[in-house]
Structure formats: C-alpha cells, structure tokens
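Here the structure is laid out as structure tokens; the discussion comes afterwards.
The values are calculated or read from the model by the stated rules, or taken from the named source; none is laboratory data. Note that this is a predicted model, so its numbers are computed, not measured. Every residue, glycine among them, receives a Cβ derived from its backbone with ideal geometry; neighbour counts consider all protein chains shown.
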Amino acid sequence: MNGRITGRTRLAGIIGWPVEQSLSPVMHNAAYESAGFDCVYVPLPVADETDLIRVVGAIRVLPFVGFNVTMPYKQVMLDLCDEVAMLAQMAGAVNTVHCVDGRLIGYNTDGRGLVDSLKADVGFDPAGATVALVGAGGAAGAALVSLVLGKASRVTIVNRTRASAEALAERIRPHARETAVDVVVLDEDAGEVIAAADVVVNATPLGMKEGEPSPVPAQWMRSGQVVADMIYRAEPTPLVLAARSVGATAVDGLGMLVAQGATAMEIWAGESRGASSREVMRRAAEEELAMRAAKRGERS
Ligand code: NAP
C-alpha cells in the first residue's frame, strides 16, 4: 500500500476472476512507491461478462490511469476498448488498458514480457532461432506475435488440440514474412520437433497446480537448449526441473510477469519510470511468493 493517498491519487488495477492470487498488486504498488508515482493498484474481481461491462463503464468515469486484464477476459476486452494497438489485435487479446480522457486503449504486453525475460534472464535473443511454442491460447498468441516481430526463423505451435493451433497459425502467417509458422499435435510425434528447437516455451497452465506433470517430458529436451515456462511458483516448476535435469537452461514465468508489468507501467507512467521499476517489481513478487510458501508450510 502506498504511504499517502490524497485527493489527487490515481487508480490502477487488475480485472479477472479469480484475482486473489495475482502478484500484480504487490508488484505495482511497490514500484509506484519507489518511483514516486501517485497511484494505487487494486484487485478488481469481476465474476462475469455482464459485470465486466459495468465495471469497464465505471472505470471510464473514475480517475484510472489504466488497468490490467487477466483470465478469462483478455479476449473479450478487445471489443470493449475504443482503440486496440496492432500487437494486441494480432495476438487476439488485451492484457493492458490505458485510460486517456475517458477512452480505453488496449495493448498486449505479454509477448514483449516473454522476449524481454528471455533476453534479460537467460541472455537469449530469438532472432534467427527455432522455437517450439507449447500451447495455442491467448498467451501463446501474444508470444507468437513477439517471436515473429523478434525475427525467429521458425515457430512450431505444439498443442493438444490441432484446430486451435491451426487457427492461431493461420491468423499470424500473413504477418510473418521472416518466420515460418507450423503446427504439431502435443503427442509422441512432438518429441522430435521439441528436441530440435533452440528454445522451448510453455504457454499452457500445466504444472501450476500441485502434483501436475511437466507439459514436456525431460527426454524431449537437451543440453544447450533454452526452456521458458510461462508459469511460476515459489519453487521451480515441473518443466524447469525437467529441463535442468538434462542440462538445458531454464527460466520460469516470473521474469515474464515482471517484464509485462514494467511495460504496463511504461505505458501509464512514462518509459523511464517503468523501465527503472523492474528490479523493485521482481523483489516484491519474489518476497510475496516466498511469504505465501512459508504460510503454506506453517499450515501443513
Ligand atoms: P488459455 O487461453 O486458456 O490457453 C491454454 C492453452 O493451454 C491451450 O492451448 C490449451 O490447449 C492448453 N492446455 C490447457 N490445459 C492443458 C493440458 N492439461 N495439457 C495440455 N495442454 C493444455 O490460457 P492463456 O491465457 O494462454 O494462459 C496460459 C498460461 O500462461 C496460464 O497458466 C497463464 O497463467 C500463463 N501466463 C503467464 C504469464 C506471465 O506473465 N508469466 C502471462 C500470460 C499467461 P487446447 O487448445 O487443447 O485447449
């Protein structure tokens, strides 16, 4: 919570269902305090689309600088914005909204978050690389757009359901001049494609819940490969553990979360305040995750 809330303090927040577990409030509030940005970031739990329309209407007339959108509203938010940035249109999802004089401008910062995390956390630039992208939902769409813009040479979408992967590939191919985009079903046949890729990205929720397996078995990965999981927990995720067991360089989704949060802050508070907030956001998120893990430990 920011130290001093006055009559001029602005608002930001995260819309989703559920949002209790979101790290964004602790990350953003720590960053605002550190950067002297007079704003408070609050959770905005919204139960259904009827309520979403009401809440978005209220936000237009309240002093919001902007808000984030998480599951399950990233796709429907596209239609509730007055303007949508090209990247978010291509991704088919909005995760960040900028409020400007009552108008809502939609962005998607997830894809840039992934590419920024690959560069900052493991020194990997996707230019010229081959990528196995596991998943074909909203986060995979955002990642694919950024990988295409980042000039990856080939992205293979590896998904449980072929039809959703094909639909995503077809939507992005017209924009992908330097990147070949193809599709493989997530079964035994995917092993070869995944083993051959320079980087493997998990954009499924598999591994988030206690006891869930890695979306990619260890034997499909190898040393020399970079593996990025979009999910994160206090402890290493099943994918990160599996990747490290075969000598791959692995990173979880916390860096991506921090990078997308810092990009949202760049949009709302200006580039320099957003960029300089990365470390503060990461520290706040790591502390919160550690605190939650300690509480779980006390209870069990
Ligand atoms: P989504 O739109 O619901 O898509 C989920 C994708 O995962 C679909 O392709 C689905 O395949 C696949 N999938 C779901 N359960 C699966 C299972 N048991 N086995 C294999 N595949 C499965 O979700 P999303 O918005 O893209 O988010 C995906 C994950 O990324 C979530 O866990 C989210 O928290 C995470 N994420 C993290 C960040 C970050 O900043 N770190 C940002 C965005 C998202 P089908 O097509 O077959 O259903």
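Before moving on, here are some points about what is shown:
- Unmet criterion (only one of (1) out of contact with any Pro (no Cβ under 8 Å at 6 or more places or on another chain); (2) within 20 Å of residue 229 (Cα to Cα)) for residue 147: (1)
- Every listed requirement among (1) closer than 19 Å to residue 147 by Cα; (2) touching a residue at least 24 places away in the same chain (Cβ under 8 Å); (3) of a type outside the set (A, V, I, L, M) is met by residue 173 save one, (2).
- Residue in segment 141-152 that is surrounded by fewer than 24 Cβ atoms within 10 Å (Cβ to Cβ), of a type in the set (Val, Ile, Thr) and either assigned by TED's automatic domain parsing to the domain that holds residue 166 or without any contact (Cβ under 8 Å) to a residue 40 or more places away in the chain (or both) present: yes
- Criterion (modelled with pLDDT of 95 or more and buried (at least 24 other Cβ atoms within 10 Å of the Cβ)) met by exactly one of 113, 123: 113
- For segment 226-249, filtering for residues that are surrounded by fewer than 23 Cβ atoms within 10 Å (Cβ to Cβ), small (Gly, Ala, Ser) and at pLDDT 95 or above leaves 3.
- Among (1) of a type outside the set (A, V, I, L, M, F, W, C); (2) away from the ligand (no atom under 16 Å from the Cβ); (3) not in a helix (DSSP H, G or I), the one test that residue 75 misses: (2)
- Residue match in segment 24-47 (condition: under 24 Å from residue 203 (Cα atoms) and among the aromatic types (Phe, Trp, Tyr)): no
- Residues (over 19 Å from residue 45 (Cα atoms), touching a residue at least 60 places away in the same chain (Cβ under 8 Å) and not in a helix (DSSP H, G or I)) located in segment 78-118: 92, 107, 109
- From the list 73, 32, the one residue that fits, being closer than 27 Å to residue 295 by Cβ and among the aromatic types (Phe, Trp, Tyr), is 32.
- Any pair with Cβ under 8 angstrom, 6 or more apart, that starts in segment 44-64 at a residue that is in the same structural domain as residue 21 (by TED's automatic domain parsing) and ends at one that is acidic (Asp, Glu) and modelled with pLDDT of 95 or more: 45/20
- Here the helices (runs of 4 or more DSSP H) wholly within segment 189-291 that include at least 1 residues being within 12 Å of the ligand (Cβ to nearest atom) and not small (Gly, Ala, Ser) are 238-245, 254-269.
- Out of 259, 234, sole residue that is without any contact (Cβ under 8 Å) to a residue 60 or more places away in the chain, on the phi < 0 side of the Ramachandran plot and touching a helix residue (DSSP H, G or I) at 6+ places or on another chain (Cβ under 8 Å): 234
- If the condition is being in contact with a helix residue (DSSP H, G or I) (Cβ under 8 Å, 6 or more places away or on another chain), over 22 Å from residue 56 (Cβ atoms) and not in a helix (DSSP H, G or I), then segment 15-34 contributes only 23.
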